[in-house]
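See structure below.
The values are calculated or read from the model by the stated rules, or taken from the named source; none is laboratory data. The structure presented is a predicted model; accordingly, all values stated were derived computationally and were not measured. Virtual Cβ from ideal backbone geometry, glycine too; neighbours counted across all protein chains shown.
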Amino acid sequence: MNYYEHHIGDYAEATAHLTFIEDATYSRLIRKYYATEKPLPIEIRLVQRLINARSKEEKIAVVSVLNEFFTLTDAGWRQERCDHEIARFKDKQLKARRSAEGRWQSFPADEPQPEIIPNNGCVRNAIALRTQCSPDTKHQSPVTNLHTPDKQNNGDEKEKIPQESTTPSDEEKVFQGRIEKYKSFAAMISKEGRAIAVDDYRIRDIVNLGVSEAEVAEAIATAKETRMKVSNSTPINAGYVLAILKGARKKAETANADEDVWWKTSEAIDAKGRELGLKAEISETYPAFKTRIFAELRKRKEIKQMLEEKSNAS
């Protein structure tokens, strides 16, 4: 697609909360989506490279925008509005092609038809008219020396291309780990019970619990054992596994409630922040500081689980 409709009102309403870099990132992603007419790659690093996201802030923006506006599927990152517009474009393209074919087939047998000269730009296409392929039609030769990889348009200076860092950031590692968990958990449940898609909301909820593959496997075994005890042959589904995991997590949190109560007093919150190397910002309230500490704890837990899984796999 070389053209798509940009609805300013819809776009502005959906993106008003984005930062300047996030807005630019979203714009580049949807342009790439329309240009290729297919979902973006599953691998986050490939997506970042596609839109030339090089700095740490730009790469983080890619992660944020994908999570908010795109849906991860087996085919890649999909965008519902883009898919709708592409389907509408292809439908119009098909109708135009059929109309053009009808015009070409409607020439009388005794009327001279346009001469088709191979390799001269004179081919039937969706908007072909009889005058477009006349022998007198002149076509402009393409200019091929404007965008060479190592030169600017004036041809005298080499363009300096910044080197991309090959070391993934912590945010990228966590994000890639989540993608792997989507695939792994969906495969585990599909193998033992009913098939489920990678982008199913129940798989997302299981990943959001922060559980490991071992915990999911244990939940699946518990579900099968429970079904067998009551002679229920219904295949295990993701909802049942999710309920078991939530129950186990709630039980564990209740058991540990008396052991860690740092969030209940201001002094304890300050102490927890110092333990993690965090300090309350100027004018930051204790509830806001507490929320930031919880986010940091979740982030470190996810990184730890990812490293443990990587270590076990190797």
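Each row is one residue, and each column tells you yes or no for (1) modelled with pLDDT under 75; (2) within 28 Å of I303 (Cα to Cα); (3) touching a helix residue (DSSP H, G or I) at 6+ places or on another chain (Cβ under 7 Å).
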{"site": "L146", "(1), (2), (3)": "yes, no, no"}
{"site": "D150", "(1), (2), (3)": "yes, no, no"}
{"site": "K158", "(1), (2), (3)": "yes, no, no"}
{"site": "K173", "(1), (2), (3)": "yes, yes, yes"}
{"site": "I189", "(1), (2), (3)": "no, yes, yes"}
{"site": "I203", "(1), (2), (3)": "no, yes, yes"}
{"site": "V207", "(1), (2), (3)": "no, yes, yes"}
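Residue-by-condition table, conditions (1) at pLDDT 90 or above; (2) surrounded by 14 or more Cβ atoms within 10 Å (Cβ to Cβ); (3) outside any helix (DSSP H, G or I); (4) of a type in the set (G, A, S):
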| position | (1), (2), (3), (4) |
| --- | --- |
| Y11 | no, yes, no, no |
| T25 | yes, yes, no, no |
| R45 | yes, yes, no, no |
| Q48 | yes, yes, no, no |
| A53 | yes, yes, yes, yes |
| I60 | yes, yes, no, no |
| R81 | no, yes, no, no |
| K90 | no, no, no, no |
Going by what's in this entry, would T131 be described as among the β-branched types (V, I, T), at pLDDT below 90 and not in a helix (DSSP H, G or I)? no
Only one of (1) farther than 29 Å from G177 by Cβ; (2) surrounded by 15 or more Cβ atoms within 10 Å (Cβ to Cβ) fails for M228. Which number is that? (2)
E215 versus (1) over 27 Å from the mean Cα position of the chain (by Cα); (2) of a type outside the set (S, T, N, Q); (3) modelled with pLDDT of 85 or more: which is the lone unmet condition? (1)
Restricting the search to the stretch 267-294, which residues are exposed (fewer than 11 other Cβ atoms within 10 Å of the Cβ) and part of a helix (DSSP H, G or I)? E267, R274, E275, P287
With (1) within 30 Å of W77 (Cβ to Cβ); (2) modelled with pLDDT under 85; (3) aromatic (F, W, Y); (4) in the same structural domain as L307 (by TED's automatic domain parsing) as the list, and F294 as the residue in question, which single condition is left unmet? (2)
